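Engineer: Below is the structure I would like to discuss, written out as structure tokens.
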Amino acid sequence: MTVRIARDLVSVSFVLAAAAPAVGAQPALSPGDSAHRAIYRELVEIDSSPAGGREPEAAAAVGERLRRAGFPAEAVVVDGPTPGCRNVVATLAGRNRETPPLLMLAHLDVVDARREDWAHDPFVLREADGYFFGRGTLDNKAGASVLVANMVQWKRDGFVPARDVVMVLTCDEETTAEQGMQWVLQHDPRLRTAEYALNTDAGGVTRTAGGRYVVNAQAAEKVYATFTITATNPGGHSSVPRADNAIYALAAALQRLAAYHFPVGYNDVTRESFARRAPLESGPHAGDLAAAGRGDASGPAIDRLSAVPHENAQIRTTCVATMLSGGHAENALPQSAAATVNCRILPGEPVASIQRQLTAIVDDPTLAVALTYQPVASPPSPLRPDVMRVVERLSAEFWPGSAVVPGMSTGATDGLYLRNAGVPVYGVAALVLQDDEDFSHGLDERLPVASLYQAREFWDRLVRSLTAQ
């Protein structure tokens, strides 16, 4: 969600696998690509942002496409707790209905986009210079369209997997997920029985300085929590300043927070990630990654990694001030001041421990530290050999010489609710971008055209391989 990715191994830099076509070039599409593009365009051009309010229209459009492809009505459920939020749960029936299903995840909602801020209408799909432009072209209507296009094709091909394949498209991943994944899990107990889930909203393909492709497979994500630090004071007239001032006390506490580093911590996924990345790098950074792969908790290597924001976020919990409020009148001493502090907590670390550490950092009895968003546990998923083998084999075919590296998202996705329910989740979006192309949630969001179609082919073969027997 966007509670999601402070961009991590899910959304660190990516690289384009093929050169972009010349300006204005429109190569002929294969029938599969053409059908996929039509689905993608339909979804992008439905404004499913909170401001647009058309997410139910997107869910209905998906349901209609699946039914036209031959899915029986009972296999396509479009539902939600309110008329304004609709989820799609669609099932491709397998040969063995008793075997736990395989889940595929994406979300239909997007963050807001103001027309006046964009170079072109964000809710009109624009193809130019080898890119698709529009809100959601990357996050996450690329993934949703990949799943829908494959579900339609599988049904028309008569593909029958060994087990049920269940596609789940949610309606509010970018906000609270209360009406989306959380609601779906409550109302469809079958999802909790899934053997594992594959997530289009995590994982990507990047390239090292030496030119080797790295396929990131997300198998863990940090836990999201929010605290409020509040300073209170009797206040008074601004013409008679006092030494004790709520705003000053809060500012001093935030300075201490800014200088604080939470203890280093690892899990099986992050240690394996550092260990696999180390041989792909060169120079001192390779040695630093190897130190993290060994589980080192201190030393020069860890100090250097701590100075790199995306590496620092992989080795420890982080808490950062994101919002401020204070005072009630320009001519009065402030009676209160408050800061919102957002924390991304390492999986398995108790939230009570983080609150105690924040209280110690604040170190001021006039300030209170309160938990305002209760986190949802998200234990790391085991690195299943059967899943990893298939991902590695296909990655070698799609990106020769590539290495598959498991990773932990520093943000959160719908996968956290499944992990909390005991279902392992693996993010394998398979979208390939350049270093400067991750415009998720930003202006003029875009996706390389070639990357979209390649991801559909990757997912087609991935699911067919994993459900062959």
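Engineer: Run the numbers on the chain and let me know its relative contact order in percent, using alpha-carbon pairs under 8 Å that are six or more apart.
Structural biologist: On the way: 1038 pairs, mean separation 124.3, N = 469.
About 27 percent, as a whole number.
Engineer: Let me ask something else about it. In region 147-224, which chymotrypsin sites (Phe, Trp or Tyr not before Pro) are in a loop and have at most 10 other Cβ atoms within 10 Å, using DSSP for the loop call?
Structural biologist: Numbers: sites: Trp154, Phe159, Trp183, Tyr196, Tyr213, Tyr224; in loops: Phe159.
Within region 147-224, no chymotrypsin sites (Phe, Trp or Tyr not before Pro) qualify (loop, at most 10 other Cβ atoms within 10 Å).
Engineer: So if R0 is 56 Å, what FRET efficiency would Ala258 and Glu64 give, r being the distance between their Cβ atoms, rounded to the nearest 0.05?
Structural biologist: Numbers: r = 51 Å, r/R0 = 0.91.
Calculated value: 0.65.
Engineer: Output ³J(HN,Hα) for region 105-119: one whole-Hz value per residue in order, computed from phi by the Karplus curve 6.51 cos²θ - 1.76 cosθ + 1.60 with θ = phi - 60°, and x for Gly and Pro.
Structural biologist: Couplings: 10, 7, 9, 9, 7, 9, 7, 5, 9, 8, 4, 5, 8, 9, 5 Hz.
Engineer: Given R₀ = 22 Å, what would the calculated FRET efficiency be for His237 paired with Thr366, taking r from the Cβ atoms and rounding to 0.05? Working shown, then result.
Structural biologist: Details: r = 20 Å, r/R0 = 0.91.
It comes out at approximately 0.65.
Engineer: Using the beta-carbon distance between Glu74 and Ala421 and R0 = 25 Å, what value does 1/(1 + (r/R0)^6) give for FRET efficiency, to the nearest 0.05? Working shown, then result.
Structural biologist: Numbers: r = 24 Å, r/R0 = 0.94.
Result of the calculation: an efficiency of 0.60.
Engineer: 5 Å is the cut-off here: which amide hydrogens, built 1.01 Å from N in the peptide plane, fall below it relative to Gly236, excluding neighbours closer than 5 in sequence?
Structural biologist: Leu333
Engineer: Taking only DSSP H segments of four or more residues, each worth -39500 (n - 2.57), what value at 222 nm results for the chain once the sum is divided by all its residues, to the nearest 500 deg cm²/dmol?
Structural biologist: On the way: 13 runs with 151 residues, N = 469.
That comes out to -10000 deg cm²/dmol.
Engineer: How about region 272-381: which GluC sites (Glu not before Pro) there are in a DSSP loop, with at most 12 other Cβ atoms within 10 Å of their Cβ?
Structural biologist: Working: sites: Glu272, Glu281, Glu311, Glu330; in loops: Glu281, Glu330.
Filter output for region 272-381: Glu330.
Engineer: Shifting gears a bit: Full extension from Thr176 to Ala128: what is 0.36 nm times the residue separation minus their Cα-Cα distance, to one decimal in nm? It would help to have the intermediate numbers written out before the result.
Structural biologist: Working: separation 48, 0.36 × 48 = 17.28 nm, distance 3.38 nm.
Difference between extended and current length: 13.9 nm.
Engineer: Moving on. Under a crude label model (7 Å from the Cα following the beta-carbon direction), how far is Thr228 from Arg356 in nanometres?
Structural biologist: Going from the Thr228 label point to the Arg356 one covers 2.5 nm.
Engineer: Could you check the spin-label model distance between Asp244 and Asp386? Points 7 Å from the Cα along Cα→Cβ, value in nm.
Structural biologist: Using points 7 Å along Cα→Cβ, the separation is 6.4 nm.
Engineer: Something else: Here are a few candidate values for log10 I(q)/I(0) by the Debye sum over Cα atoms at q = 0.06, 0.07, 0.10 Å⁻¹: (i) -0.54, -0.69, -1.06; (ii) -0.28, -0.38, -0.76; (iii) -0.36, -0.48, -0.89. Which one was actually calculated from the structure I just gave you?
Structural biologist: The value matching this structure is (ii).
None of the figures in this text is laboratory data; all of them are computed from the coordinates on show. Note that this is a predicted model, so its numbers are computed, not measured. Virtual Cβ from ideal backbone geometry, glycine too; neighbours counted across all protein chains shown.
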